[in-house]
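The values are calculated or read from the model by the stated rules, or taken from the named source; none is laboratory data. Remember, it's a predicted structure, so these values are computed and weren't measured experimentally. Surface accessibility is based on the protein's heavy atoms, side chains included, excluding ligands, DNA and RNA. Shrake-Rupley method; radii C 1.70, N 1.55, O 1.52, S 1.80 Å.
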Amino acid sequence: MKTRDRIIETSLILFNDEGEQNVTTVDIANEMDISPGNLYYHFRGKEVIIEVIYNHFEHEMSGILKAPIKQTLQLQDYWFYIYVVFEEIYKYRFFYLNLTDILQRNHDLERRFKRLMGLKNRAIETICESLAKKEAIDLRTIDIKLVAGSVTITMIYWFSYQMLLNPREEPHLLIHRGVYQVMSLITPCFGDKQKQFYAACQDLYEAVINENDTVTV
């Protein structure tokens, strides 16, 4: 692997594990066992590294968010789809855990992140409209923009919220809880058939949580 790629990979790990605000370029160089000058040759400071990492995140997340816009998914697929979104957020969680500070330091990233939020809203609205066409939900019972906004807010701040409550919880449990939280925002307008599916998902969710509680006791 090229040094530049190793720097990005190492930085992402350190940012996620220790918090971006607590990591310096010297820390990254020490972790890689290279000189700070070698790192500086590839990246003129930590902010440049953050921007390159965000480029990767933006590219990957945009592709994921456009999936329900490009094609119609089944109800079961949406559960998995939301899980994939949370997985992607967790992969780059340092950004969400220090969101305000990072965006205040980089106005270009702020502009791009707002655009990504808009894409999240659009994806959720598309999902709701698709479910309505399948008569899985009744749009007359919800404000679609309000629901999309609530889902987007949950996705953005979920890990910050959970890290305060359960800082040592396993990643897959954090993600499962996030998916369940998002689905709970939509289920009030499900029909009977869809509520049965949601109940099955709820049973699966509770089984995963209970299994983890049993293991950790």
Accessible heavy-atom area order of R177, R122, highest first, probe of 1.4 Å: R122, R177
Solvent-accessible area of I13 with every protein chain in place, 1.4 Å probe, in Å² to the nearest 10: 90 Å²
1.4 Å probe accessible area per residue over the range 76-131, in Å²: 43 Å²
Percent accessible area from carbon and sulfur atoms, the range 1-85, protein chains only, probe 1.4 Å: 49 percent
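So for Y83, Y41, what's the accessible-area order with a 1.4 Å probe, most first? Before the final figure, lay out the partial values.
Details: Y83 40, Y41 170 Å².
Sorted by accessible area, descending: Y41, Y83.
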E125, E170, E31, E20, ranked by accessible area, largest first (probe 1.4 Å): E31, E170, E125, E20
